[in-house]
Amino acid sequence: MDLKSNEDGVFSIKDLIEKGKRLITEGDRSFLDAKINNEEMDMMLFTSGTTSAAKAVALSHKIICSNIMDIASVLDINKDDTMLSFLPMHHAFECTVGFLYPLYRGTAVAFCDGIKHIAENLKEYKISVMISVPILFENMYKKLMKGVEKQGKLEKLQKGMRISNVLRKMHIDVRKKLFKDIHDVLGGNIRLFVSGAAALDPEVEKGFNDIGIRLVQGYGLTETAPVISAGTDDHYRAGSIGQVFPSLEVRIANPDEDGIGEIQVKGPSVMIGYYDNEKANEEAFVDGYFRTGDLGYLDKDGYLFISGRKKSVIVLKNGKNIFPEELENLVNRIEGVTESMIYGKPEPDGDTKICVKVVYDLEIMEEMYNTKNEADIYEEILKKVKEVNKKMPAYKYIREVMVTTEPLIKTTTAKIKRHEELAKIL
């Protein structure tokens, strides 16, 4: 980008621009008059393969642009914002929302130097908007709260949140002044976090919003280019993945007594299909709707809520459904736990035992319990899991715990590859 002329086989962008200008001056309009078919496949992205083998998703210019227009109608970023790009560009979420959309709105994009440098990048580049995955926001929130606790200010912070929430009901917002120290830790300019690609812990969502940093959830898939719905400043409901985008139709197929069924979507940003995979395409569409494989429900105001992946749901002998993500959120709040995976183990009587694999941070555990012994750490985590059980109905009880320091198998956007992890466990 900075070379003045071509060098050692590397092209200079400046040279290429000058060459283009010369060609146009000489009457060559082949580039200016080029026609494209905006409905044919010109992008191929692979699904993350969290529950099955990855498939090649065929997308077009029209599909991508339709999604960008929908995002622009609900998400307000502009030329005064700077967005921090953290996820890999080959992921649909980052490509459309973190790169093409800011380019369309004239927003500057700063590329993160790596996960260890996020805090300094937020300050250095004066980041105002960040789009990332739940695990990053959850870890960020844990560190912030841990820092406040170490300073002996946790009780004061919680009291401030309660006072602030009362004032907001009277349309008085003092959060940025009241929680200035925390805003400064995050660079002092953050106004919007958008979380997507997996379920976000409701406690983290509420916590950031309580201190004056709007954290909203977006939802979508590679197959939908990718966003289907998102929360905004004007349309936000805690725990929801927002309202469905204007150009899309969503229906809940075969809802149960709680209104939970498969989320199905139709509209201009849905993929052409899986490349060269007719069998997968036949399974993916019904009545023109794309079957997302996610379970959720719509409330009376049109806010979409997600319960979990259809393929991840554990069905008990009594017909009750266990959504792993719900229990994982609770286990992940245990201090020293970095991540967890809930899974079902078949029992001889035909029922399913709810189990959890817990990944812990050895340094934090040693600091808390003065031991590095895995058996001792197991006992401490087991006690905490039993406390989690007390908050739930008996059929959701976690009845078996395994612990490790080895990270779970994940995609590039930190989603657990459940089928691979389960094969490893069982």
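The values are calculated or read from the model by the stated rules, or taken from the named source; none is laboratory data. Please read these numbers as outputs of a predicted model, since none were measured by experiment. Note that we place each Cβ from the backbone using ideal geometry, even for glycine, and neighbour counts take in every protein chain shown.
Collect the residues in region 172-202 that are modelled with pLDDT of 90 or more and either among the hydroxyl-bearing types (S, T, Y) or closer than 30 Å to I342 by Cα (or both), keeping them in residue-number order.
Correct list: F193, V194, S195.
Residues in region 389-421 that are closer than 21 Å to E138 by Cα and of a type in the set (S, T, N, Q) were compared, and the one that is surrounded by the most Cβ atoms within 10 Å (Cβ to Cβ) is T413.
The set of residues in region 396-421 being at pLDDT 90 or above and either of a type outside the set (D, E, K, R) or in contact with an Asp or Glu (Cβ under 6 Å, 6 or more places away or on another chain) (or both) consists of Y397, I398, V401, M402, V403, T404, T405, P407, L408, I409.
Any residue that is in contact (Cβ under 8 Å) with a residue 60 or more places away in the chain and either touching a Gly at 6+ places or on another chain (Cβ under 9 Å) or surrounded by 12 or more Cβ atoms within 10 Å (Cβ to Cβ) (or both) - is there at least one of those in region 97-105?
yes
Taking T224 as the residue in question, decide whether it is buried (at least 23 other Cβ atoms within 10 Å of the Cβ) and in contact (Cβ under 8 Å) with a residue 60 or more places away in the chain. Judged against the criteria, T224 is a match. All of M130, M145 fail the test of being assigned by TED's automatic domain parsing to the domain that holds I68 and out of contact with any strand residue (DSSP E or B) (no Cβ under 8 Å at 6 or more places or on another chain), apart from M145.
The C-beta contact set for region 131-157 (first residue within 22 Å of E367 (Cβ to Cβ), second residue among the small types (G, A, S), distance under 8 angstrom, 6+ apart or interchain) comprises I135/A198; I135/A414; Y141/G207; M145/G207.
Per the listing I182, I172, the residue uniquely over 26 Å from the mean Cα position of the chain (by Cα) and among the β-branched types (V, I, T) is I172. Taking each residue of region 66-84 that is in a loop (DSSP other than H, G, I, E, B) and looking for partners that are buried (at least 20 other Cβ atoms within 10 Å of the Cβ) and among the aromatic types (F, W, Y) with beta-carbon atoms closer than 9 Å, six or more apart or interchain, yields L75/Y101; I77/Y101.
If you go through region 282-319 one residue at a time, how many are touching a strand residue (DSSP E or B) at 6+ places or on another chain (Cβ under 9 Å) and either assigned to a loop (DSSP other than H, G, I, E, B) or closer than 30 Å to E367 by Cβ (or both)?
11
One residue stands out in region 18-34 among those that are among the aliphatic types (A, V, I, L, M) and modelled with pLDDT of 95 or more: the one that is farthest from L3 (Cα to Cα), namely I24. Checked against (1) surrounded by 20 or more Cβ atoms within 10 Å (Cβ to Cβ); (2) more than 30 Å from E155 (Cβ to Cβ); (3) within 18 Å of the chain's Cα centre (by Cα), F208 passes all but condition (2).
As a summary of the residue check, A110 satisfies the conditions (1) touching a Phe, Trp or Tyr at 6+ places or on another chain (Cβ under 8 Å); (2) assigned to a helix (DSSP H, G or I); (3) within 22 Å of F137 (Cα to Cα); (4) among the small types (G, A, S) except for the one numbered (2). The set of residues in region 95-133 that are charged (D, E, K, R) and within 25 Å of V185 (Cα to Cα) comprises D113, K116, E120, K123, E124, K126.
The residue that is farthest from K142 (Cα to Cα), counting only those in region 311-337 that are small (G, A, S) and surrounded by 17 or more Cβ atoms within 10 Å (Cβ to Cβ), is S312. No other residue among K357, K372 is surrounded by fewer than 17 Cβ atoms within 10 Å (Cβ to Cβ) and not hydroxyl-bearing (S, T, Y) apart from K372.
Residue-wise test of (1) farther than 26 Å from P102 by Cβ; (2) part of a loop (DSSP other than H, G, I, E, B).
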| position | (1), (2) |
| --- | --- |
| G160 | yes, no |
| V166 | yes, no |
| K176 | no, no |
| H183 | no, no |
| V194 | no, no |
| A197 | no, yes |
| F208 | no, no |
| G212 | no, yes |
